Amino acid sequence: MALRTFVVVSGINNLSDARYCAGMEVNELGFNIEPDHQNYTDPTKFKEMTDWLSGVEFVGEINDPATDVANAIKDYGIKSVQISHLDQIEVALSTGLAVVYNATSIDEAVKAWDLSNQGLDYIIINNSTVNSDALKEASFPFVVSEGFQAENVIEFVESLNAKGISLTGGDEIRPGYKDFDELADILEELEIDDLAG
């Protein structure tokens, strides 16, 4: 089993989401690594969860411009760091990790790409009002987090020439119990049947 496009699932905060997504062969799982964030995953919980997983890369998510990126990542076994502020690009790139930028507009995405000297791994476009024609002309790799549903996700990604999509995990209803409806619908739509020949 594999997926038809690149998929990152951010905001992971429980083992149910993490194991489900890894089992569906998503490419990357994002965990918030800022102690003051409501969705914070501390290093111990991160290790407990990720020790159960294989075949997926991990992203440390930082949203606060005041967060010390180099200090925040030090206790995590992550491949990438995701940032949301232009002034964090230089220090994020200096960590040696792959850097993902979370942009709210095309203009911001272009600035981030230029400031990084085209060194970002990819850019997440998270505004559903972004002009699709402008995205089609983008000179940087990007994933989209809005504007699609299970019924149109494949066509949507292909029409924009996007690298893939970004989804968001959610809280467990109670430990070990999770409603995967929306996430599952999209991932199942993207699933490639190994028996198809």
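No value in this document is a laboratory result; all are computed from the given coordinates. Keep in mind the model is a prediction, meaning the values are calculated, not measured. No Cβ is skipped: glycine too gets one built from the backbone with ideal geometry, and neighbour counts run over all protein chains shown.
Label zone of Arg4 (point 7 Å out along Cα→Cβ, amide N under 20 Å): in the range 128-153 this covers 136, 142-153.
Less than 20 Å apart at the alpha-carbon level, and either on another chain or at least 8 residues along: which lysines does that give for Lys136? Hits, sequence-local ones excluded: Lys111, Lys163.
Multiplying the residue separation of Ser159 and Val110 by 0.36 nm and removing their Cα-Cα distance gives an extension gain of 15.6 nm.
Just to verify a number: FRET efficiency for Ile192 and Asp133, C-beta to C-beta distance, R0 = 25 Å, to 0.05?
Here the calculated transfer efficiency is 0.30.
Placing unit charges on the Cβ atoms only, positive for Lys and Arg and negative for Asp and Glu, gives the range 1-104 a dipole magnitude near 360 debye about its Cα centre. Restricting the calculation to Cα atoms, the chain shows an Rg/Rh of 0.95 when the hydrodynamic-style radius is the Kirkwood one. Using a cutoff of 8 angstrom between alpha carbon atoms and counting only pairs six or more residues apart, the relative contact order for the chain works out to 23 percent.
By counting other Cβ atoms within 10 Å of each Cβ, how are Glu28, Glu90, Glu155 ranked from fewest to most?
Details: Glu28 26, Glu90 13, Glu155 10.
Lowest to highest Cβ neighbour count: Glu155, Glu90, Glu28.
Charges were assigned to the Cβ only: +1 to each Lys and Arg, -1 to each Asp and Glu. The resulting dipole of the range 2-190 about its Cα centre is roughly 440 debye.
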